[in-house]
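Quick note: the coordinates plus some simple rules give every number you see, no bench work behind them. Only a predicted model underlies this, so the values are computations on that prediction, with no experimental measurement involved. Cβ placement follows ideal geometry from the backbone for every residue including glycine, while neighbour counts extend to all protein chains displayed.
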Amino acid sequence: MEKEQFYYDNKIVKMFFIATIVWGIVGMIVGLMVAFLFNFPNYMEGISWLSFGRLRPLHTNSVIFAFVGNGFFVGMYYSMQRLLKTRMYSDFLSKLHFWGWQLIIVAAAITLPLGYTSSKEYAELEWPIDIAITLIWVVMGINMIATILIRRQRHIYVAIWFYISTFVTIAVLHIFNNLELPVSAFKSYSIYAGVQDALVQWWYGHNAVAFFLTTPMLGLMYYFVPKAANRPVYSYRLSIIHFWTLIFLYIWAGPHHLLYTALPEWSQNLGTVFSVMLIFPSWGGMINGLLTLRGAWDKVREDPILKFFVVAITGYGMSTFEGPMLAFKNINAIGHYTDWIVAHVHIGTLAWNGFIISGMLYWLAKKLWKTELYSTKLANTHFWIGTLGILFYALPLYVAGFTQASMWKQFNPDGTLVYGNFLETVTEVLPMYAMRAFGGTLYLTGFILLAYNIIKTAKAGSTVEDELAEAAPLKKISNSRVEGEKWHSWLERRTVLFTILSTVAILIGGAVEIIPLIVIKSNIPTISSVKPYTPLELEGRDIYIREGCNNCHSQMIRPFRSEVERYGEYSKVGEFVYDHPFLWGSRRTGPDLHRIGGKYNDNWHFNHMLDPRLTSPGSIMPQYPWLLTDDLDISNTVNKVNAMITLGVPYTQMELDKAVYLLQNQAAEIEKNLGQDPEFVKNYGDANMKDKEIVALIAYLQRLGTDLKAGETAKN
């Protein structure tokens, strides 16, 4: 059959290639800024948009969606064209995808430091940006599926299976987790409340890791590792098992992030069971990747690209072993809320994501600029510096995690806590935080070496934006299975059916876990004493969200003796029915706050936000002086209360009509309480503090945990 000539689009690959390097450096710099805040909490000197609570989500979003996201798109656009023997369906859609994605990243980089956040982990961006993400993701998906439909290669290779699953699953996760009710241009409330919101968020959060940080990287692994090693994938059959079992099982595992919380027991148990089963397909993929290098180990010793791939796949194996282990309740009871989880996450991101992308970039640089790498020695230096960076980052945090868990749970013979002051557990791990920052510095240094190496490679090479290729056109055959054709080979020919089945596989687990929790009211027993937040408390809660307080403080007391002794009565599901969104947190750099209401007087909270060292010597919490000087914006208070009514919160018509009046009255009461301290009167007596943001935040903090009456059970 006569072959057709066509051109691969290398320009779009280079655009995403450059963006990956730029955003990688930016994301890592922000991460390093965050790391140094643990040892030098005041080095930002009270700059609101550079505080920890605002920088931390900027770091996670820039690394996940800017660095890893662009890295995925680099590999996808390069490999799909060559695997399918065709140019991308639409150059326009490719460019729209690129520029749309970069604008979304810039919007995130602006809004997150300004405090515009939904507070949901890995989904902090507000509703206008969420809509933009949806549109651009659909643009990418149309281009992807259309390219598959016009291919010249009959069967779609395993890497493309993972690309398809990434597209459909992220679309489903993003849409359902970000269903929210807008209040203003950059403020919204989740339509879910309390435990429902928690389950949906961690169904999204866990599977954002699964289908944005794992399945697309596996697609890259299945293409670039065989290419770099010049060897076929170890096992096609294992690839099939790996793919279908992984995408089916992964979607069920989200509840393991909520073990021992107020989430219903049946949902926790489902999450545990499927999380443990995940080790089998995950390690199947790791084995398939590593054994692809069988017979090429001499080359691995010489080639830095293969070194990156080996450590990346090993990091994937370590993370996917550790994840199921952390789903066991007895292990989760030790690790959750500690820095063990931070170490676990960064083994995945630094080793698995960072190194698979680094290896791919080095390999692609030679192909895109038609030359040899500028310096193999420099690439090897990057590899060793980066590997040391991973070790210096993760190992101290594992030590910190076990130290925290041990100290939190120790009791004296008389039944009192050995470390009754939470701050003692923070100061104990400060050396580990310093080592973590050193490890991050090493890792960033290595990546900067990559940028330099590739710039020099590009300058020495030649630019070929449209690469000539040829292939025979695809001959149409019956949609039925032909004689001797295996069922999966037949399925690979049926692109639409393959996509539909992938979608069904990922929908089952989510539907089984989420629908009963939303539909069956008995899963969320109410407590009669729990009332909606007052208008001032609602405004204070929004300030709490804006400042990212949930990045360091949990609001979920687990039913452990140590936690009940330290914080108070364990948290009940019915206490969160008016929380849009939930604020349970995922880490404790500071103590749990669910029962903080009434524990300290208003002046303590005032001084604590002014300078935490005034009330807690040695604290690493940043200062929040702007809360004392910035006026509380009440222009949307009525709209916020009205939005809550729309979401089912039972405010009365009077509370809606007099929302501002009620807010001002409560604020005046708090100002009166603050005036009982002579130091406050001396320094702030003329500041009209009742109009400042600090008063709203104090109102919210003083409310936490006060609804639950002693001995009352959760019932209708």
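To the nearest 500 deg cm²/dmol, what mean residue ellipticity at 222 nm is calculated for the chain from DSSP H runs of n ≥ 4 alone, each contributing -39,500 (n - 2.57), summed and divided by the residues?
Result for the chain, helices only: -20000 deg cm²/dmol.
Tabulate in residue order the Karplus-calculated ³J(HN,Hα) for the range 685-700, using 6.51 cos²θ - 1.76 cosθ + 1.60 with θ = phi - 60°, rounded to whole Hz; enter x for Gly and Pro.
My calculation for the range 685-700 gives x, 9, 8, 6, 5, 5, 9, 9, 5, 4, 5, 5, 5, 4, 4, 5 Hz in order.
Measuring from centroid to centroid over Cα atoms, what is the spacing of the range 619-643 and the range 581-614 in Å?
Between the Cα centre of the range 619-643 and that of the range 581-614, the gap is 15 Å.
Between ILE455 and TRP266, what is the label-to-label distance in nm when each label sits 7 Å out along the Cα-to-Cβ direction?
5.9 nm
Under 25 Å Cα-Cα from LYS672, which lysines qualify once same-chain neighbours fewer than 8 residues away are excluded?
Partners within reach: LYS531, LYS599, LYS658, LYS682, LYS690, LYS692.
How much space per residue, in cubic angstrom, does the convex hull of the C-alpha atoms of the range 535-703 take up?
Numbers: hull volume 20.2 nm³, N = 169.
Once divided by residue count, the hull of the range 535-703 is 120 Å³.
Can you order the peptides 572-578, 513-519, 138-144 by their average number of other Cβ atoms within 10 Å per residue, highest first?
Taking the mean over residues of other Cβ atoms within 10 Å, the ranking is 572-578, 138-144, 513-519.
If you average the alpha carbon positions of the range 116-176 and of the range 311-345, how far apart do those two centres end up, in angstrom?
27 Å
Taking the mean number of other Cβ atoms within 10 Å as a proxy for protection, how do you rank 637-647, 486-496 from highest to lowest?
Packing proxy ranking, top to bottom: 637-647, 486-496.
Lysines within cross-link reach of LYS329: Cα-Cα under 17 Å, excluding same-chain residues under 8 positions apart?
Filter leaves LYS409.
For the range 263-306 and the range 197-216, what is the separation of their Cα centres, given in Å?
Going from one Cα centre to the other spans 17 Å.
Given the peptides 304-311, 501-508, arrange them by the average over their residues of other C-beta atoms within 10 Å, most packed first.
Ranked by mean Cβ neighbours within 10 Å, highest first: 304-311, 501-508.
Over the chain, what is the relative contact order in percent, taking alpha-carbon pairs closer than 8 angstrom and at least six residues apart?
17 percent
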